[in-house]
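As structure tokens, the structure follows; a few thoughts come after it.
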Amino acid sequence: MISPPHYELKRTAMDFKDYYDVLGIKRDATQDEIKRAYRKMARKFHPDVSKEKDAEERFKEVNEAYEVLKDPEKRVAYDQLGANWQAGQDFQPPPDWDQGFEFHGGGYTDSSSADFSEFFENMFGRGGFSRGFEGAHQQGYSAQGNDTHAKIVIDLEDAYHGASRILTLKHTELDADGRPYLKERTLNVKIPKGIQQGQSIRLQGQGEPGRGKGKAGNLYLEVSFSPHSTYKVEGKDVYIDLPIAPWEAALGATINVPTPGGEVSMKVPKGSGSGKKLRLKGRGIPAKTAGDLYVVLQIEAPPANTEQARKAYEELKRACDFNPRSHMGV
């Protein structure tokens, strides 16, 4: 089953937040040590009792740090960014940094989005991170397992043709000392033809196991496309910058165009210029109403690297009274 597209916040450069430094703890702290450090810092900077000048701002920072580090799933994902970043350093999330992490549904647990920094919003504010990990192993009753979510990256060609892929997903568990660690599992996933970037594939019963006689939850795989050397994707539409020869642009021509669905023939109107956009209807991502493929023409001149080519350019220069900068007054 395919879910509608989900659109993320745009990730831009921002100040990096060192949450371990905010709470004054080491990166290998146990979950109990994190909780004790938070209580200590929260008492110190609570605006109702603290005499510190910046108490309110520090209190917000402490709450934000705890929001991430108390949650084993958020913490493990945060740790994947590495320990080499300094607080306040200009930071931009690596592309698809959260690919393959399996998270429970939910976003914030105790606060609203207004209480968090831009860093938190861009990294954890999309609603795909855990809300309830700590209660996942209660006993003595039946309950359906939580749904889980993961982001996967596929090739554009998979969306055109459909595919079966073996994917490795990482989920979080706690060791005997209460420190989170990653555990992997592999799944054979069918990529449906026509899936769009941002849509989700539902795998029934592959989420968190149920408790007692409860059914397992579902796993939702949010799809994005890996960067392509030839094509760009916008929704169902696909774009390609296509080189053409000057005579093809000037005289018109019928040329072959590569598409993710296979090679097709296209007419170039005579007098076409660089940047002209031609539409191949229905050649975008397949769907009930398929997307289109847009060909953006890019005129490329052949090199004058032989005597024959140089003479041809000299003849063209004499034959054409042409100044491409005349519209600029020069």
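Taking only protein heavy atoms and a 1.4 Å probe, the accessible area of the chain is 48% carbon and sulfur. Volume per residue of the convex hull around the Cα atoms, evaluated for segment 138-275, comes out as 129 Å³. With coordinates expressed along the principal axes, the C-alpha atoms belonging to segment 149-195 extend over 47, 15, 13 Å, beginning with the largest. Between the listed residues VAL295, SER226, VAL189, the Cα displaced farthest toward the positive end of the dipole of segment 177-302, a dipole computed from Cβ unit charges relative to the Cα centre, is found at VAL189. Please work out, to two decimal places, the log10 of the ratio I(q)/I(0) at q = 0.19, 0.21 Å⁻¹ from a Debye calculation in which every Cα of segment 195-330 carries one identical scatterer. With one equal scatterer per Cα and no solvent, log10 I(q)/I(0) is -1.11, -1.23.
Accessible surface computed residue by residue for the chain, with neighbouring protein chains in place and a 1.4 Å probe, gives 58 Å² per residue. By a 1.4 Å probe calculation restricted to protein chains, MET266 has an accessible surface near 10 Å², given to the nearest 10. The per residue volume of the convex hull around the alpha-carbon atoms of the chain is 220 Å³.
Taken about its Cα centre, segment 155-266 carries a charge dipole of about 800 debye when Lys and Arg each add +1 at the Cβ and Asp and Glu each add -1 at the Cβ.
For the chain, the relative contact order comes to 15 percent (Cα pairs under 8 Å, sequence separation of at least 6). Between helix 55-69 and the chain there is an angle of about 80 degrees, using the helix long axis and the longest principal axis of the Cα atoms. The slack in the chain from ALA42 to THR306, taken as 0.36 nm per residue of separation less the alpha-carbon distance, amounts to 87.4 nm.
Note on the chain: with charges restricted to the Cβ of Lys and Arg (+1) and Asp and Glu (-1), its dipole about the Cα centre is near 900 debye. Between ALA65, THR148, ALA309, the Cα set farthest toward the positive side of the dipole of the chain (charges on each charged residue's Cβ, about the Cα centre) is that of ALA309.
Cross-link partners of LYS35 among lysines, defined as those whose alpha carbon lies under 17 angstrom from its own and excluding same-chain residues fewer than eight positions apart: LYS26, LYS44, LYS60, LYS70, LYS74. Taking a straight line from the alpha carbon of LYS51, these aspartates and glutamates sit under 20 Å away, with near neighbours fewer than eight places off in the same chain left out: GLU61. Put simply, when 314-327, 23-36 are sorted by average Cβ atoms within 10 angstrom per residue, most first, you get 23-36, 314-327. Remark: spin-label model distance THR230-ARG185 equals 3.7 nm, labels positioned 7 Å along the Cα→Cβ axis.
Hand me the tally of lysine pairs in segment 175-287: alpha carbons under 15 angstrom apart, and the pair either on different chains or 8 or more positions apart. Taking the Cα cut-off of 15 Å, the pair count is 6. By how many degrees, between 0 and 90 and to the nearest 10, does the Cα long axis of helix 31-45 differ from the longest principal axis of the chain? The angle comes out at about 90 degrees. Taking the DSSP beta bridges with both ends in segment 217-330, the antiparallel portion is around 65 percent.
The values are calculated or read from the model by the stated rules, or taken from the named source; none is laboratory data. Predicted model only: the values in this text are computed from it and were never measured. For neighbour counting, all protein chains shown are included, and Cβ atoms are generated from backbone atoms with ideal geometry for every residue, glycine included. All accessible areas refer to the heavy atoms of the entire protein, side chains included, with ligands and DNA or RNA removed. Shrake-Rupley method; radii C 1.70, N 1.55, O 1.52, S 1.80 Å.
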